[in-house]
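Beneath this line is the structure, given in structure tokens, with notes to follow.
Values quoted throughout were computed directly from the atomic coordinates according to the rules given, and no laboratory measurement underlies them. All of these numbers come straight from a predicted model, not from anything done at the bench. With ideal geometry, Cβ positions are generated from the backbone for all residues, glycine too; neighbour counts draw on all protein chains shown.
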Amino acid sequence: MEHPRARVLAASLLCGLCMLGPIPAHAAVQQEPAAADTTLPEPPATLANPFADFETIRLSNGVKVWFKPLPGVPNVSVSAGVAVGSDADPPGKEQLAHFTEHMLFSDHDGRTEQEIKDAVERIGGRRNGFTFVDHTWYYVTIGREHGLFAIEWLAGIMSPHEMDQLVVERGRQPVENEIGARERDVFDHIGALFEFPWLAPPGFWEREFGIEPRRDPNPYVWRSLHSITPEDLRGFYDRYYAPGGMTVTIVGDLDRDEALAVAERTFGTFPQREVNRLEITTEDPGRGTDEYHWSIFPTIQYSSTHKLFEPTADELLTALFVRDLLNRRLGQRLRYGERKAVYGASFGLVQRGPAAYLRLGTRIDEEDYDFARGIIDEEIAWLRSGSHDAAEFEADRAAVIERLRASNQTSAALNNWTQSYFYDPAVFEDFPDVLSFYQDLTQAQVASFAEQVFDESRRILSVTRPDPFDPAVTVVAVLALIWGTILLMGRWLTRPVEMREIRYIARLRLSSVLLAAYTLGLAASLAALLIASDVVMSRAGPWIDSIDSYPVQNAATGVIGFVVLVLALLIYSAAPRKLLLFSDHVRIKSRAWRSRILHAEDIDEISIRRFPGVWLHPRILRSPPQVFGLFKPGIYLKPRKGRSYFFRARDTGELAEVLGEWWGSPVQ
């Protein structure tokens, strides 16, 4: 909860006591409160700029070291990283970057993984490694008396490893457990048969930044992980962990010369190799996107994403300032003001190689949506125009800077900036003085940046409102659509007949083998239809979602569902089940309402045939037979147009005689 300002605290307490009235009896023994001192406390001495005095040093083999002395702090933080992550996993070798990270903590130089990790933990240190899509980062934070040891320890982690086969096999299981990978069961394999990457719509990064996917969007991760060999691990390390691509950050109360000497003696001995980068290109689609959804949540979920393409170091730093400035201002106006429209409105900066975006996310009460949206749009408009009151802008900047200063006084907090934002040496050669950058940034420079980044052609707006109807109503509506479609199809496909006009009825037999085969074919056809409908929905989805209308969106979705259901019923009703003979026509009745009427002049041939005369015919795929005809012949009925029929009945001979009499020619 936000505390009242110091200068009104005392007055508020006095007013509150007056309003309480007489003190209750059980509190009578308490001491009378002393008169409040309204004198404002002296402001604390300004903390030092924690981002100042970072030094960039290149070791003899090309390793870059950022060194920052931090006198008096109790801990030292040392990190090392490379600007490559899971994006570099080759197809079929997903998790290679992650597995490599795990293996660097494994048995090495005659020590077990347990001994290596315990060397830090038993003296109170913390250590870990993280694999992101575009970088991998390792760190250790420890008491300053062990700071030099931390440098040496982390160099041992980052040094070349043998990747022994037995060690690799032991290390595979923890990765598998961490990511939840498992071997596919029969249902997973069946589902995988219907996954067609070429039918999948573009993902977020491809659609909004033009970043081409390098792998299957739904890989078989367990198989990929188990296909990784020691040679793959060594190859990945040799390719991407070259000394010239490493950044080592040392922050804490250490003697500069001693720290750099240890770094040179450890990191500086890694064999030099060519620095390889994963080349990723971006392309601005030149359009924004608006998405509107409805959900069961009671509040409106609002998200506004603003894209940056190949940002420079200054642009990223400006984005961080804009993030912090808007977080403060939106918090003051929407969360802490008189009208508390949101619980929190927070901007964040996300990077992926040469792509980045600023994203605002918040939840808004329905009745406050217009108000909150107006405040958000107003703040962005002020940024783009540079029309903030100068004094107000300076006051907000000062508050942002002081919060930045206060929250980065520890070695771990400073080192975390390398992991979060400054990990790419192609963008940040030197560790930036973020605080001084904030101080020197003018409102005109912010406006120039905001004018480009907050342009509507770079915005992705997503608004999810509460569903106006209870979920039960939606379920009833879906069921009504299904039932109504079935009734409509029944009326459309059904051809009424007078039962007394039927001269003969024959149920068409289907062999067990063909029944199983056609059932699978029917299931495959329906599955293909579902896949096609999913593709249609994914392609039409962005267009439907861009319409800010609940009735229109649901109507469009309902139309697509109606069409899919109609096609499914047509597929289901395609299989013939009965033959009905009338005086003037033959009717082939399907398993559902559908039937086909054939008059005598519509029929080209009715004959008795066996397997070769039907199954070896080139049009077999257009006219699936009901029987094989290997041991007993069947009746072959060929219309002049459309599909043919090859079938047997309970008494095939009798049926042949009846058909011959009706057609006026013996069936033989």
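Select from L488, P471, S420 the residue farthest towards the positive end of the dipole of the range 391-549; place +1 on Cβ of Lys and Arg, -1 on Cβ of Asp and Glu, and compute about the Cα centre.
Farthest towards the positive pole: L488.
Under 37 °C and 0.692 mPa s, how fast does the range 219-363 diffuse according to Stokes-Einstein, given a Kirkwood radius computed over C-alpha pairs? Answer in µm²/s, whole number.
On the way: Rh = 20.5 Å.
D, rounded to a whole number, is 160 µm²/s.
When a footprinting reagent is the concern and you count Cβ atoms within 10 Å, what order do R650, R500, R403 take, fewest first?
R500, R650, R403
Which value in Å does the Kirkwood hydrodynamic radius of the chain take, with 1/r averaged over all unlike C-alpha pairs and then inverted?
Numbers: mean 1/r = 0.0311 Å⁻¹.
About 32.1 Å, per the Kirkwood formula over Cα pairs.
So for the pair R491, S607, with labels modelled 7 Å out along Cα→Cβ, what separation do we get in nm?
Placing both labels 7 Å along Cα→Cβ, they lie 4.5 nm apart.
For Y504, Y645, what ranking results if the residue with the fewest other Cβ atoms within 10 Å of its Cβ goes first?
Y504, Y645
If you place +1 on the Cβ of every Lys and Arg and -1 on the Cβ of every Asp and Glu, how big does the dipole about the Cα centre of the range 289-466 come out, in debye to the nearest 20?
That gives a dipole near 560 debye.
Would you mind calculating the gained length between D257 and H293 on full extension (0.36 nm times residue separation, minus the Cα-Cα distance), in nm to one decimal?
Extra length from D257 to H293 when fully extended: 7.1 nm.
Using a simple spin-label model with points 7 Å from Cα along the Cα→Cβ vector, what separation in nm is obtained for I57 and V552?
With each label point 7 Å from Cα toward Cβ, the separation is 6.4 nm.
Under 12 Å from the Cβ of E402, count the other residues' Cβ atoms, weight Lys and Arg +1, Asp and Glu -1, and hand me the total. It would help to have the intermediate numbers written out before the result.
Values: positive: R328, R397, R403, R405; negative: D324, D396.
Charge balance in the 12 Å sphere: +2.
Between R214 and T46, what FRET efficiency follows from the Cβ-Cβ distance if R0 is 51 Å, with the result rounded to 0.05?
0.55
At 0.36 nm per residue, minus the direct Cα-Cα distance, what do E456 and F187 gain on full extension? Give it in nm, one decimal, please.
Result: 92.4 nm gained on full extension.
Rounded to the nearest Å, what's the spacing between the alpha carbon centres of the range 75-98 and the range 521-590? Just the number, please.
46 Å
Once the other residues with Cβ under 10 Å from the Cβ of P639 are scored (Lys, Arg +1; Asp, Glu -1), what is the net sum?
Within the 10 Å Cβ shell, the charges total +2.
For the range 289-466, compute Rg over Rh where Rg is the Cα radius of gyration and Rh is the Kirkwood radius from the inverse mean 1/r over Cα pairs.
Ratio of gyration radius to Kirkwood radius for the range 289-466: 0.97.
Counting Lys and Arg as +1 and Asp and Glu as -1, each charge on the Cβ, what is the dipole of the range 599-668 about the Cα centre in debye, to the nearest 20?
Taking the Cα centre of the range 599-668 as origin, the dipole is about 480 debye.
Taking R0 as 35 Å, what's the FRET efficiency between V566 and S385 from their Cβ-Cβ distance, rounded to 0.05?
Calculated value: 0.05.
May I ask you to derive the relative contact order of the chain, considering only C-alpha pairs under 8 Å and at least 6 residues apart, and to give it as an integer percent?
Computed over the chain, the figure is 14 percent.
Would you report the distance distribution of C-alpha pairs in the range 542-586 as whole percents per 10 angstrom bin, up to the bin with the largest distance?
22, 26, 20, 15, 11, 6
Say the dipole of the range 599-668 comes from +1 at the beta carbon of Lys and Arg and -1 at that of Asp and Glu; which of P633, G613, L655 then lies farthest toward its positive end?
G613
For every other residue with a beta carbon closer than 14 angstrom to the beta carbon of S295, add +1 if it is Lys or Arg and -1 if Asp or Glu, then tell me the sum. Present the calculation step by step, with values, prior to reporting the outcome.
Numbers: positive: R363, R465; negative: E291, E366, D467, D470, D545.
Combined, the nearby Lys, Arg, Asp and Glu give -3.
Taking 0.36 nm per residue of sequence separation and subtracting the Cα-Cα distance, how much length would be gained by fully extending the chain between F437 and R539, in nm to one decimal?
Between F437 and R539, full extension yields 32.3 nm more.
For the pair E121/E402, report the inter-label distance in nm, with labels modelled 7 Å from Cα in the Cβ direction.
About 4.2 nm, to one decimal.
Tell me which of W222, N177, W153 sits at the most positive position along the dipole axis of the range 140-256, charges placed on C-beta atoms (Lys, Arg +1; Asp, Glu -1).
Toward the positive end, the furthest listed residue is W222.
Please list the equivalent ellipsoid semi-axes of the range 465-524, computed as the square roots of five times the alpha-carbon gyration tensor eigenvalues, in descending order and whole angstrom. Present the calculation step by step, with values, prior to reporting the outcome.
On the way: eigenvalues 293, 103, 11 Å².
Its equivalent ellipsoid spans semi-axes of 38, 23, 7 Å.
If the only charges are +1 at each Lys and Arg Cβ and -1 at each Asp and Glu Cβ, what is the size of the charge dipole of the chain around the Cα centre, to the nearest 20 debye?
The calculated dipole for the chain is roughly 4640 debye.
Return the equivalent ellipsoid semi-axes of the range 397-491 as a descending list in whole Å, where each equals the square root of 5 times an eigenvalue of the C-alpha gyration tensor.
Listed largest to smallest, the semi-axes of the range 397-491 are 54, 19, 16 Å.
Sorted from fewest to most neighbouring beta carbons within 10 Å, what does the list T266, T519, T282 look like?
So the residues, fewest neighbours to most, are T519, T282, T266.
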